[in-house]
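The values are calculated or read from the model by the stated rules, or taken from the named source; none is laboratory data. Every value quoted in this text rests on a predicted model; they were computed, and no experiment measured them. Note that each Cβ is placed from the backbone with ideal geometry, even for glycine, and that neighbours are counted across all protein chains shown.
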Amino acid sequence: MGDGVEDIKSIDELRKAQAASQAQGGSVPNYNQWAQVLEDLQTAGVASTGTYDGDVKLHSQIVEKIENYIMEVQETQRQQEIKNENNDNTKVNEKTSQDKEQVIKANVANATSSVIMADYMKYYHLS
């Protein structure tokens, strides 16, 4: 970038660079976006690349991996639901089956964000 904001590895370093730039009447380019990306990387336990462009690219890759992982988990759950429904359809009337499906959907929706993020972080650090 050429304006003294290279090799920034943390949100604290970015804030210091922003304060220094503002003291000189300037601003770190893309400060707000970079700050959010750095916070997300820190939350995920992933090291910064030290540059805005590198961090944005890394962030995009992680988001893509998380989205793919969520889709895989949802597809696996859907296949399991279909299997369970096929087994249960011979024993359960339609109303009970619908109630069970709603409970499963609610449970999946409630658990998705925290469980998938935790599982993904384990997966991400192992790969």
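Before moving on, here are some points about what is shown:
- Hits in the stretch 9-42 (condition: in contact (Cβ under 8 Å) with a residue 12 or more places away in the chain and not in a helix (DSSP H, G or I)): Lys9, Ser10, Gly26, Val28, Pro29, Asn30
This table checks each residue for (1) crowded, with 17+ Cβ neighbours inside 10 Å; (2) closer than 30 Å to Ile104 by Cα; (3) among the aromatic types (Phe, Trp, Tyr).
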{"site": "Arg15", "(1), (2), (3)": "no, no, no"}
{"site": "Ala19", "(1), (2), (3)": "no, no, no"}
{"site": "Val28", "(1), (2), (3)": "yes, no, no"}
{"site": "Gln77", "(1), (2), (3)": "no, yes, no"}
{"site": "Glu81", "(1), (2), (3)": "no, yes, no"}
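- Residue in the stretch 43-57 that is modelled with pLDDT under 90 and assigned to a helix (DSSP H, G or I) present: yes
- Test: Val63 is assigned to a loop (DSSP other than H, G, I, E, B), modelled with pLDDT of 70 or more, within 16 Å of the chain's Cα centre (by Cα) and under 30 Å from Asn30 (Cα atoms): no
- Where a residue in the stretch 58-70 is more than 19 Å from Glu39 (Cα to Cα) and its partner, wherever it lies, is surrounded by fewer than 16 Cβ atoms within 10 Å (Cβ to Cβ) and of a type in the set (Phe, Trp, Tyr), with Cβ under 7 Å and at least six apart: Tyr69/Tyr123
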